[in-house]
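The values are calculated or read from the model by the stated rules, or taken from the named source; none is laboratory data. Not measured: the values here are computed from a predicted model. Here Cβ is always computed from backbone atoms with ideal geometry, including for glycine, and neighbour counts include all displayed protein chains.
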Amino acid sequence: MSILVASDLTKTFVGGDGGVLTVLDGVSLNVARGEMVAVVGASGAGKSTLLHLLGALDRPTRGSVTIDGDAIDGLDEMALATLRNRKVGFVFQFHHLLREFSALENVMIPLRIAGRDEESARTRAAELLQRVGLGARASHRPAELSGGEQQRTAVARALALDPAIVLADEPSGNLDHMNSERLHDLFAEVSRDLEIAMVIATHNRSLAARADRVMMLEDGKLTETTAVGESVA
């Protein structure tokens, strides 16, 4: 069963000179439960734009997106926000943790916003931090965590509400090799064990190699590729 169905996604922007720039041109993508898809391509190819459309952070110029059976077409901003909160987890290149809160409290935030009581939210957050290998670091604030630990905390936060799909944009872009590899292993493990669909935009060939499928975004078109070379930039 496809958790994510995107059909004929097109995104255009009007430049300062009045000209039309087409970033995505008729992109379609289906992602099944427990499937990890890597999207590769040059910087500026539109990978982030694609993730924003898939996660209902932006609207396409043309085309449709359905997340776990819910079509986003025609939804107002409040309904879109509710859909995102319930069904989509995001992991960005920069972790966006709140520096004044501990790792545990950062993971609790989406749970509390969703209406969970404090005890339930705390228990769930602790379980997730344990899963990503940070059970002993739960009380530490972001400044007291390494870059890899901060990003794994962000993964735990993305998983807090048991999303149908996780979207990650260059998640290891700021990490050293060792921390990158640990994060890559975590993504593969979470996708497999929790049966969560994932779409990950990345330049990292090691992360792309762990995916079930690798898609190349080039000239606004998305095509499947079997080769992951020395560089996917």
Checked against (1) out of contact with any helix residue (DSSP H, G or I) (no Cβ under 7 Å at 6 or more places or on another chain); (2) free of Cβ contacts under 8 Å to residues at least 40 places away in the same chain; (3) outside any loop (DSSP other than H, G, I, E, B); (4) not charged (D, E, K, R), Gly115 satisfies every condition except (3)
Inter-residue pairs, beta-carbon under 8 Å, first within 12 Å of Ser7 (Cα to Cα) and in contact (Cβ under 8 Å) with a residue 12 or more places away in the chain and in region 60-82, second assigned to a helix (DSSP H, G or I) and β-branched (Val, Ile, Thr), 6+ apart
none
Can you tell me which residue is surrounded by the fewest Cβ atoms within 10 Å (Cβ to Cβ) among those in region 168-181 that are out of contact with any strand residue (DSSP E or B) (no Cβ under 6 Å at 6 or more places or on another chain), among the small types (Gly, Ala, Ser) and not in a helix (DSSP H, G or I)?
Gly173
Taking only region 119-167 into account, find how many residues are of a type in the set (Val, Ile, Thr) and in a strand (DSSP E or B).
2
Give the residues of region 167-188 that are over 15 Å from the mean Cα position of the chain (by Cα) and not aliphatic (A, V, I, L, M), sorted by residue number.
Asn174, Asp176, His177, Asn179, Ser180, Glu181, Arg182, Asp185
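Residue-wise test of (1) modelled with pLDDT of 90 or more; (2) within 25 Å of Val65 (Cα to Cα).
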residue	(1), (2)
Arg124	yes, no
Arg137	yes, no
Gly147	no, no
Val155	yes, yes
Leu167	yes, yes
Leu186	no, no
Val199	yes, yes
Met216	yes, yes
Gly229	no, no
